[in-house]
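The values are calculated or read from the model by the stated rules, or taken from the named source; none is laboratory data. Everything numeric here is computed off the predicted structure, so don't read it as measured data. All Cβ positions, glycine included, derive from the backbone under ideal geometry; neighbour counts span all protein chains shown. Note: areas computed on protein heavy atoms with side chains; ligands, DNA, RNA excluded. Shrake-Rupley method; radii C 1.70, N 1.55, O 1.52, S 1.80 Å.
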Amino acid sequence: MDLHGDYLIIGSGIAALRAAASLGGAGDVLILTKGGRREGNTGYAQGGIAAAMGADDSPARHLADTMAAGDGLCNERAVAVLVEEGPRYVRELIDWGAEFDRAADGSPALAIEGAHSVRRVLHARDATGREIGRVLWTRVSPMSNVRVLEYARAVSVIVEDGRCVGVRFLQEDGGLAVARAPCTLLATGGAGQVYRETTNPPVATGDGVAVAYLAGAAIMDMEFVQFHPTALDVAGQPRFLLSEALRGEGARLVNADGEPFMLRYDPAGDLAPRDRVSRGIAREAQRTGKPVYLTLAHLHPAFVRERFPLISAACRQAGLDLATDRIPIGPAAHYVMGGVITDLDGRTTITGLLAAGEAACTGVHGANRLASNSLLEGLVFGARAGAAMRRWTEQPIDPVSLRGFDDGATHKKRGQPAFFANKGDGLAAAAVQDLMWRNVGLFRDADGLKAGNALAERLDDGESLAALAPQDWQAASLLTVGLLIARAALRREESRGGHFRLDFPERDDRRWRRRTMERRGE
Ligand code: FAD
Ligand code: SIN
């Protein structure tokens, strides 16, 4: 099957849908999405969307908090766009029908999460992403120029004469097909599934980064992985996220003796940036040899159940009462700060190929993402990418110049790496996930990272991912992204944001206040 469109969008999360919404009345828009149309990280987002909309807030303040969480590596220009344009796009969502929770005076109720200096997180109880997805689908579905193909998994980017002309994709029946368009947006979301323990749903396997990398696009900041501190930790249960908004509303982290412990590890306590809370929790569990808990028992049970219905239900399924029981928690892979390098309009280093949302790397998050900035990123940069695609008919989408990313970025010439997964036994996804969790996780050192880099041994030159059987392709994508993370983590000999090296525990601005990029063959 060969499909054609004027605009091709891969994915159906917040970034993809907001881009599509910018293309109303333009040419044919074809959306390919790997699972059901609502499957993806957006639908699972809980805490909310950050925007400087409170009376005591300002874009400048939001910028300062974002830059501080980013631990010295944010791209300030990109952050400025995010925080200055964010409120406008959030208001637009409200105009389109988003029902965020309201304060008594009718204005949006604002929550606080880790490392925010003021309340600025708009939310729809604890299912904010679901509400935003609902609104965007309501907007995009009636657009007569938009076609959506579900269960269509992009497996490679087609580059002809140096420009992207579409993708190859696997159909539901396992057959390979081609979708062509003059410009293609990768909005494939995150890569949490690279790790054994993750808050991300099964579709989050980093496909966009893998296919872009294999097509020759430049990738950046892959060593920076955010581990959310509070995922449910009950044997046999999924690592369901227990939103940071719980702590924003007063939930406390306690050890098995019921003692608060975070101040032992960080002066900012329970609401320190995520990377520091995650490490604090892991260290406390190691120190005591016992589990660590989240407790809301001191709050009013009716308030807890009313404010957090989704999380209450998930806890109930695990046999726990969120309002009264201590809830066992632990860190889990949540978000990859790195991705396909883009400029502020989503342009990648390949002509005609754009990226937005979690798959992209604009540099807004630096080494560590501020809570609830990701939905905002998808919204703002999805809209900007959609507008750039719309302008395409007037001006071709050129590749972005890497010179624009010269924040001291390293370009290291390296031997031609092995890219392609072989079809053999080396492809077990579970083995990759386990290795990544043990060796390229919360605490890293050279020995473990070298073991992570041994993932390369399971890769073999010579075959395209598109030639793999569907079940192998998933693992090959995990392997490619895992290797990009492990390689970048081994290279960075310091600790910063989400990247912590036991053998280099300090931040080293002299050598490492710079971002690293990697391109196939470089
Ligand atoms: P996604 O929403 O993940 O969408 C990606 C889409 O691409 C999906 O439709 C997927 O099926 C599709 N896809 C993937 N691979 C392929 C392929 N090969 N071919 C075709 N389609 C493909 N952020 C916040 O700001 N606030 C929060 O409160 C918050 N809570 C979160 C809670 C959880 C449990 C999780 C997992 C994340 C949370 N995040 C939150 C992060 C945030 O949800 C995501 O970063 C954001 O939604 C990403 O949007 P996206 O559009 O880039 O990707
Ligand atoms: C959460 O609700 O804790 C997740 C928020 C985020 O990932 O930004």
Evaluate the following for ARG347: is it farther than 30 Å from VAL159 by Cα and of a type in the set (D, E, K, R)?
no
Tally the residues that are among the hydrophobic types (A, V, I, L, M, F, W, C) and under 30 Å from HIS298 (Cα atoms), restricting the search to the range 324-364.
4
So which pairs qualify, if the first residue must be in the range 129-151 and over 22 Å from GLU358 (Cβ atoms) and in contact (Cβ under 8 Å) with a residue 12 or more places away in the chain, the second must be among the aliphatic types (A, V, I, L, M) and outside any helix (DSSP H, G or I), the Cβ gap must be under 8 Å, and the two must be at least 6 apart or on different chains?
MET143/LEU23; MET143/VAL29; ASN145/LEU23; ASN145/ALA26; ASN145/VAL29; ARG147/VAL29; ARG147/LEU30; ARG147/ILE31
Can you list residue pairs whose Cβ atoms sit under 6 Å apart, with the first residue in the range 498-522 being under 14 Å from CYS361 (Cβ atoms) and the second being surrounded by 21 or more Cβ atoms within 10 Å (Cβ to Cβ) and among the charged types (D, E, K, R)? Count only pairs 6 or more apart in sequence or on different chains.
GLY498/ASP275; ARG515/ASP221
Qualifying residue in the range 242-249 (condition: among the acidic types (Asp, Glu), part of a loop (DSSP other than H, G, I, E, B) and over 26 Å from the mean Cα position of the chain (by Cα))
no
Condition met for ILE14 (under 30 Å from ILE158 (Cβ atoms), touching a residue at least 12 places away in the same chain (Cβ under 8 Å), within 16 Å of ligand 2 (Cβ to nearest atom) and touching a helix residue (DSSP H, G or I) at 6+ places or on another chain (Cβ under 9 Å)):
yes
If I filter the range 69-82 for residues that are among the hydrophobic types (A, V, I, L, M, F, W, C) and under 30 Å from ALA152 (Cα atoms), do I get at least one hit?
no
Which residue, of LEU3, LEU93, is within 16 Å of ligand 1 (Cβ to nearest atom), open to solvent by less than 10 Å² (accessible area, probe 1.4 Å) and touching a residue at least 40 places away in the same chain (Cβ under 8 Å)?
LEU93
Conditions first: (1) under 28 Å from THR128 (Cα atoms); (2) at pLDDT 95 or above; (3) of a type outside the set (D, E, K, R). PRO273 passes all but one, so which condition is the exception?
(2)
Number of the condition not met by PRO267 [criteria: (1) within 15 Å of ligand 1 (Cβ to nearest atom); (2) without any contact (Cβ under 8 Å) to a residue 40 or more places away in the chain]:
(1)
Looking across the range 125-176 at residues that are open to solvent by less than 10 Å² (accessible area, probe 1.4 Å) and in a loop (DSSP other than H, G, I, E, B), the single one that is farthest from ARG18 (Cα to Cα) is ASP126
